[in-house]
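As structure tokens, the structure follows; a few thoughts come after it.
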Amino acid sequence: MAKSLTQEFVKGLWNEVPPFRLVLGLCPTLAVTKAVENGIGMGVATAFVLVCSNILISSMRKVIPSKVRIASYIVIVATFVTIAELLMQAYTYPLFKKLGIFIPLIVVNCIILGRAEAFASKNGIFRSFLDGLGIGIGFTLSLVALAAVRELLGRGTLTLWEKPIQVMGPAFQPFSFIVEAPGAFLALGLMLCIMNLVGKK
Amino acid sequence: MREMIKMLVVLTVLSTFSGGLLAAINNKTKEKIQIQILEFVKGPAIRTIFEGITNDPIADRFEIKDNETQRSFFVGVFDGEPSAVAIETFGKGGYGGDVGLMVGIDVKEDKLIGVGVTTHSETPGMGARAESDPSFVAQFKGLSLKDPFKVTQDGGTINAISGATLTSRAVCLAASDAEKLYLQLKPQIVEKMKEFKK
């Protein structure tokens, strides 16, 4: 069943939103969502890699022999990740330091290889671009949503561009467990639960 | 056979192309990244060491060639007098590799103003306290530059961080290296520093 171009884009925002619906890319989702800012940075970097690799893989899909396709995809994805890493180092160094190892780890992010294998290798360039953009934005929004919940409950702030904004009143007792690693699982589980409740027909 | 050749060609071309692209981007961003590292990794360490300076030590820096390596020196201006330099050295033998140390030296009195850890991969909560716990590096403050610095276990005066002797040794080594480097290059350093008089 062929989808319209708009559907191709919109599906990434809700029906196939990576961490919550496809339950992919959980490693960065759990690890970096301590602050909203980190979530945005990670999401944008991933979206950049996803869009670029989708376009390139889609345009080369007829040239790449199927036996070495995974190797080729990894080369392409790794190239874009390194570009993203260099650019972040050059222009947003503090953010780069905070995300640390999770930037190079985008290479092995299931979302990207998954989209390459399941979508870009079978569809045209423009469709792949829309697919990458949709999934990328969906991933970014999910990270931001999860990070906002965790940061708000755990510290009572929302951090944007290095500046924590105090949201909760002075009487607020931070629930710091939620910004720790186990809290990430708890928050993710609760959000999955809410998503499923809302999406249930 | 044909398929074999096609696989080889595609992968080779792809890898070559991406290698070239990355090299180009690396070249373009190299300088910018250097500045960022100066600002965000070395900058904080230098500014903590040079408390109360009136200049920007990142901007006021000079380089001296020591054998084959280019060394950067950061100048600290106190009360209008460029009287201190900071050098970064790397101490071998840390638990997780080399420990980078910024060493501030008072040029007038030949003594340490202070030191600060810049880069390391030591264990969090153990060796990493060399960076986060100011009481360890504070021991270096005001020491005169005569003998190499050593931890007490090795007959020196520096109390090692408990549970992190290796890290402490690496820091001492780095400080001693900086001391040696400074004493060796002192005439050139003094000469260069005159340029920063305001």
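The values are calculated or read from the model by the stated rules, or taken from the named source; none is laboratory data. Fair warning: this is a prediction, and the values are worked out from it, not measured in the lab. Counting neighbours? That spans all protein chains shown, and the Cβs are built from the backbone with ideal geometry, glycine included.
Of note:
- Pairs are defined by a Cβ separation below 8 Å, a sequence spacing of at least 6 or placement on different chains, a first member in region B:38-52 that is over 21 Å from A:Gln89 (Cα atoms) and within 11 Å of another protein chain (Cβ to nearest Cβ), and a second member that is outside any helix (DSSP H, G or I) and of a type in the set (Phe, Trp, Tyr); no pair meets this definition.
- Pairs, first within 10 Å of A:Leu13 (Cα to Cα) in region A:134-157, second of a type in the set (Phe, Trp, Tyr), C-beta under 9 Å, six or more apart: A:Gly134/A:Phe9; A:Ile135/A:Phe119; A:Gly136/A:Phe48; A:Ile137/A:Phe9; A:Gly138/A:Trp14; A:Gly138/A:Phe20; A:Ser142/A:Phe20
- Just one residue in the set A:Val77, A:Val63, A:Val81, A:Val36 is of a type in the set (A, V, I, L, M, F, W, C), over 30 Å from B:Val41 (Cα atoms) and touching a helix residue (DSSP H, G or I) at 6+ places or on another chain (Cβ under 9 Å); that residue is A:Val63.
- Candidates are the residues of region A:66-123 that are basic (Lys, Arg) and either crowded, with 22+ Cβ neighbours inside 10 Å or more than 8 Å from chain B (Cβ to nearest Cβ) (or both); the one that is farthest from B:Ile5 (Cα to Cα) is A:Lys98.
- So B:Asp56, is it touching a residue at least 40 places away in the same chain (Cβ under 8 Å), more than 12 Å from chain A (Cβ to nearest Cβ) and acidic (Asp, Glu): no
- Only residues that are buried (at least 18 other Cβ atoms within 10 Å of the Cβ) and touching a Phe, Trp or Tyr at 6+ places or on another chain (Cβ under 7 Å) were counted in region B:38-60, giving 4.
- Among the residues of region A:40-55, at least one is out of contact with any Lys or Arg (no Cβ under 9 Å at 6 or more places or on another chain), modelled with pLDDT of 85 or more, over 30 Å from A:Met191 (Cβ atoms) and β-branched (Val, Ile, Thr).
- Restricted to region A:1-95, the set of helices (runs of 4 or more DSSP H) holding at least 3 residues that are more than 13 Å from the chain's Cα centre (by Cα) and without any contact (Cβ under 8 Å) to a residue 60 or more places away in the chain comprises A:69-91.
- Only one entry of B:Glu81, B:Glu68 meets the criterion of being of a type in the set (Asp, Glu) and either at positive phi or without any contact (Cβ under 8 Å) to a residue 40 or more places away in the chain (or both), and that entry is B:Glu68.
- Subset of region B:181-198 [touching a strand residue (DSSP E or B) at 6+ places or on another chain (Cβ under 9 Å) and of a type in the set (Lys, Arg)]: B:Lys192, B:Lys194, B:Lys197, B:Lys198
- Pairing each residue of region B:183-194 that is farther than 14 Å from B:Gly76 by Cβ with any residue that is of a type in the set (D, E, K, R) and assigned to a helix (DSSP H, G or I), provided the two are 6+ apart or on different chains, yields no C-beta distance under 9 Å.
- Inclusion of B:Arg71 among residues that are basic (Lys, Arg) and away from every other protein chain (no Cβ under 14 Å) is warranted.
- From B:Lys65, B:Lys6, residue being more than 10 Å from chain A (Cβ to nearest Cβ) and of a type in the set (Lys, Arg): B:Lys65
- The numbered conditions (1) among the basic types (Lys, Arg); (2) surrounded by fewer than 21 Cβ atoms within 10 Å (Cβ to Cβ); (3) over 20 Å from B:Leu183 (Cβ atoms) are all true for B:Lys111 except (3).
- Test: residue in region A:138-155 that is outside any helix (DSSP H, G or I) and hydroxyl-bearing (Ser, Thr, Tyr): no
- Only one of the numbered conditions (1) in contact with a Cys (Cβ under 6 Å, 6 or more places away or on another chain); (2) over 30 Å from A:Leu186 (Cβ atoms); (3) not hydroxyl-bearing (Ser, Thr, Tyr) is not met by A:Phe9, and that is (1).
- B:Gly104 vs. criteria away from every other protein chain (no Cβ under 14 Å), modelled with pLDDT of 80 or more, surrounded by 14 or more Cβ atoms within 10 Å (Cβ to Cβ) and touching a Phe, Trp or Tyr at 6+ places or on another chain (Cβ under 7 Å): yes
- Scanning region B:114-154 for residues that are out of contact with any helix residue (DSSP H, G or I) (no Cβ under 6 Å at 6 or more places or on another chain), among the polar types (S, T, N, Q) and surrounded by 12 or more Cβ atoms within 10 Å (Cβ to Cβ) gives B:Thr119, B:Ser121, B:Thr123, B:Gln139, B:Thr152, B:Gln153.
- Considering residues of region B:1-34 that are charged (D, E, K, R) and loosely packed, with under 11 Cβ neighbours inside 10 Å only, the residue nearest to B:Ser72 (Cα to Cα): B:Glu31
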